[in-house]
Amino acid sequence: MHAHDVTRSAHRYDAIVVGAGLAGVYAVYKLRQIGLSVRVLEAGGGVGGTWYHNRYPGARCDIESLDYSYSFSDELQQEWSWSERYASQPEILRYINHVVDRFDLRPHIQLNTTVVAASYDEEEHVWVFETSTGESYVANYAVMATGVLSVAQVPSMTGLEDYRGRWFHTGDWPEEGVDVAGRRVGVIGTGSSATQLIPLVAEEAGHLYVFQRTPNYTMPAQNHPMKPEVEKDWKANYPERRRFARASGFGHNQVTNHRSGKEVTEEERRAELENRWQLGGLYMMRAFKDILTDAEVNEEAAEFVRNKIRSIVKDPETAEALCPQNLYIGTKRLCSGTHYYETFNRENVSLVSLKDVAIECITASGVQLTDGREYELDVLIFATGFDAMTGAMNRINPRGRGGVTLKEAWAAGPHTYLGLCMADFPNMFVITGPGSPSVFSNMVTSIEQHVEWIADCIQYMRASGYAAVEATFVAQEQWTQHVSEAAGRTLYAKSRNTWFHGANIPGKPVTFMPYVGGVGNYYNKILEVAREGYKGFQFHKVRSVSKV
Ligand code: NA7
């Protein structure tokens, strides 16, 4: 469809932002600041994105709250107080709502509006959006803040439609909550969401069955109420902390040990691993500079954690079943929880290992395994993950130059230039897209870097009279190759059965999606590209004569 066909009924803006999570909220703030008219289209009934939908009990960020927050306004970071070391989902949602109100962004955000189609009009260099509300929007720039873990994946299981109990996905949790008190509850999955949820559900449920296909490593989060002296110190040093995060490997201030696991004695290695366990959460992955590149160093850390599991879980058979085997620690996203392993010491919790069996089907009353075992359940919780990184973009399936669809362009896996733009999709920007550090970073740092880069690019275009910007095919292919080579130098390339590779979704091309070259290096790269006149991009100068 051409823009002129819909002009009379369409709403026109300089930019449409799709999604009102942390990315969309900063995008509307920033783009309005540079003088653009902006509309945010958000499918959910509130702002917050991931933090709006993932309301399951125990949902919490695994990056420290003082780090996992916007840096763009010093007043904001000085006036906001986080109550815990790691913020819970309700607190993050309150924060996002606070930001929206504080900067008066709500009038520009349209909720309950799903973008169902987006197509590029080559003559007018604009994007035309269709929404679930039956409206059309036309804008020069499409800013896709659609999130990386926003499409919940319920595996196709025979019989689910006949199940008489209630079932839920952690990523689509009802606002009113779920009553599990005294009930027989099943949780399928043992990733980050499950390991956060299980200890809390166990406290209420009559009996909890945990269906585990692949055990993962879960670190104790070591969460605690915010220490006033820590908050004070951060607030006094915020500019420096934020600079450090932007230049760091993962976009935050977690201390990294820059020594190799091989250049220290066994005793020193043990001490460092213990130190990391005490620091909690993702700190383990910064224990040695080669923990994700050297198989032996990685295995020592993995065995250290297995021994912790064996020391916590009283029943030796359950402990062994919870120990990941043949899985490099960290190559499946490390989990960070509170009392996860301890929960398996409870009388009302049973681990159901799916190591040698599978779920055959869902019956009217519960779950049936291939070996004939049946579990009667009142509530079934799918903590089964997401169609990560590409799911939300593919669902919209934008139509670019010459009618090419994104699904066609990404048939062999996502190809992007810098994780920001795609050839054949002019004037479309993806925030924290595949091919950028994204899920390998503190998302807020990566979001800010992208939004600021996009705003600069648009300002550059306006100043130069350009109507459209587009990644060249050559630059895109070179970058995609580079993303793959960077992963190839790490152990991630050897653990292909993960959502980083898209392997959790049947039929999805298996290809490593995030960029592991480091947030700081990546940031320098995108700034250099801009400085050099947007190397790897082509601009279309002449806006064709409007036919309207
Ligand atoms: P994850 O990490 O993708 O975990 C999903 C879990 O569900 C994982 O244990 C899967 O086992 C399991 N799963 C998925 N499908 C099935 C079926 N069909 N049968 C049994 N078990 C299944 O999702 P999360 O929501 O926990 O975390 C996502 C990210 O959010 C996380 O990494 C953080 O970055 C925040 P598998 O390992 O595939 O055998």
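The values are calculated or read from the model by the stated rules, or taken from the named source; none is laboratory data. Everything numeric in this text was worked out from a predicted model, so none of it was measured. Note that each Cβ is placed from the backbone with ideal geometry, even for glycine, and that neighbours are counted across all protein chains shown.
In the set S156, S150, S192, which member is within 16 Å of the ligand (Cβ to nearest atom) and surrounded by fewer than 22 Cβ atoms within 10 Å (Cβ to Cβ)?
Exactly one of S156, S150, S192 is within 16 Å of the ligand (Cβ to nearest atom) and surrounded by fewer than 22 Cβ atoms within 10 Å (Cβ to Cβ), namely S156.
For (1) more than 30 Å from N524 (Cβ to Cβ); (2) touching an Asp or Glu at 6+ places or on another chain (Cβ under 9 Å), each residue gets a yes or a no:
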{"residue": "M226", "(1), (2)": "yes, yes"}
{"residue": "K235", "(1), (2)": "no, no"}
{"residue": "F244", "(1), (2)": "no, no"}
{"residue": "S248", "(1), (2)": "no, no"}
{"residue": "G251", "(1), (2)": "no, yes"}
{"residue": "R259", "(1), (2)": "no, yes"}
{"residue": "E267", "(1), (2)": "yes, no"}
{"residue": "E272", "(1), (2)": "no, no"}
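Which residues, taken from segment 193-215, are in contact with a Leu (Cβ under 8 Å, 6 or more places away or on another chain) and under 26 Å from I63 (Cβ atoms)?
Matches in segment 193-215: I198, V201, A202, V210, Q212, T214, P215.
Given the structure, is V185 buried (at least 23 other Cβ atoms within 10 Å of the Cβ) and modelled with pLDDT of 95 or more?
Yes, satisfied.
Just to be sure I understand, how many residues within segment 386-401 are more than 16 Å from the ligand (Cβ to nearest atom) and either touching a His at 6+ places or on another chain (Cβ under 9 Å) or of a type in the set (V, I, T) (or both)?
Residues meeting the conditions: 1.
Considering segment 402-453 alone, what residues qualify as being away from the ligand (no atom under 16 Å from the Cβ), touching a Phe, Trp or Tyr at 6+ places or on another chain (Cβ under 8 Å) and either assigned by TED's automatic domain parsing to the domain that holds S248 or among the small types (G, A, S) (or both)?
A409, G419, A423, G435
If you go through segment 494-535, how many residues are surrounded by 18 or more Cβ atoms within 10 Å (Cβ to Cβ) and hydrophobic (A, V, I, L, M, F, W, C)?
9
To keep it simple, each residue is scored yes or no on (1) in contact with a strand residue (DSSP E or B) (Cβ under 9 Å, 6 or more places away or on another chain); (2) β-branched (V, I, T); (3) over 20 Å from I198 (Cα atoms); (4) part of a helix (DSSP H, G or I).
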site: G261; (1), (2), (3), (4): no, no, yes, no
site: A271; (1), (2), (3), (4): no, no, yes, yes
site: D290; (1), (2), (3), (4): no, no, yes, no
site: A301; (1), (2), (3), (4): no, no, yes, yes
site: K308; (1), (2), (3), (4): yes, no, no, yes
site: R333; (1), (2), (3), (4): no, no, no, no
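Considering only segment 353-385, state which residues are within 13 Å of the ligand (Cβ to nearest atom), part of a strand (DSSP E or B) and under 28 Å from the mean Cα position of the chain (by Cα).
S353, I359, L380, I381, F382
Tell me yes or no: at least one residue of segment 45-67 is among the charged types (D, E, K, R), more than 16 Å from the ligand (Cβ to nearest atom) and surrounded by fewer than 22 Cβ atoms within 10 Å (Cβ to Cβ).
no
For segment 237-260: of the residues being among the hydroxyl-bearing types (S, T, Y) and within 15 Å of Y283 (Cα to Cα), which is surrounded by the fewest Cβ atoms within 10 Å (Cβ to Cβ)?
Top of the filtered list is T256.
Give segment 317-346 a look and list any residue that's within 14 Å of the ligand (Cβ to nearest atom), touching a Pro at 6+ places or on another chain (Cβ under 9 Å) and more than 23 Å from A87 (Cβ to Cβ), or say none.
Hits for segment 317-346 are A321, L322, P324, Q325, L327, K332.
Suppose the filter is under 24 Å from the mean Cα position of the chain (by Cα) and not aliphatic (A, V, I, L, M); does Y283 pass it?
yes
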